[in-house]
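Structure first, then comments.
Every read-out reported here was derived from the displayed coordinates using simple, explicitly stated rules and does not represent laboratory data. These numbers were taken from a predicted model, which means no experiment stands behind them. Glycine also receives a Cβ, built like all others from the backbone with ideal geometry; neighbour counts cover every protein chain displayed.
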Amino acid sequence: MDYVERLRAQWGERLPDVDFSPVDSIGRITRIAALLAESSDAALAQRSLTRPEFEVLAALRRAGRPLRAREVTTITRAPGASITKRLDHLQREGLVERTVVERDRRGVLLSLTEEGERLVDELFPAQLDRERAALDGLTDDQRERLGELLAIVLRRVDPVEY
């Protein structure tokens, strides 16, 4: 019996007339995400990073170009004040640099330093390895089908197009 089955059994005793079927999927997605996040947090802490800070670094690396802070805010879905705090730490660590845009002097472009780029290129494959391990035991077809089904759900709950 997994975590969700125990949860459903307990709630079923308390609220027997409630349809708990969404918990079969969403409960498992949430539990898996929490466990993977915990694993990721532990790995990143060894490098004095938080997961939200790594998300900023990864957003900059994926973009392949300098980004404005508001673009990072949109990509990561984090409040601007949180992004500022993360950027301050990442800049102090020598992983991100801020450049004032010459033509308007109000805008600031964010980019990875060489060290920031090297760090993302080291940490991201390790993250993928943890995620791959979570999917061990599924066939290629099952992984593909799971991805397709989750994409349908994600499009319903995340209206932002990137």
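Tabulated data
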item	result
Candidate values [x] 19.7, 65; [y] 19.5, 68; [z] 14.4, 40, label of the one derived for Rg and Dmax of the Cα atoms in Å	[x]
Angle between the chain longest axis and helix 80-92 axis [Cα atoms, degrees, rounded to 10]	60
Dipole of the stretch 112-162, positive end: most advanced residue of LEU135, LEU154, LEU119 [Cβ charges, Cα centre]	LEU154
Theoretical ellipticity at 222 nm over the chain - DSSP helices of four or more residues, -39500 (n - 2.57) apiece, nearest 500	-20500 deg cm²/dmol
Trypsin sites (Lys or Arg not before Pro) restricted to DSSP loop in the stretch 18-85 with at most 16 other C-beta within 10 Å	ARG47, ARG77
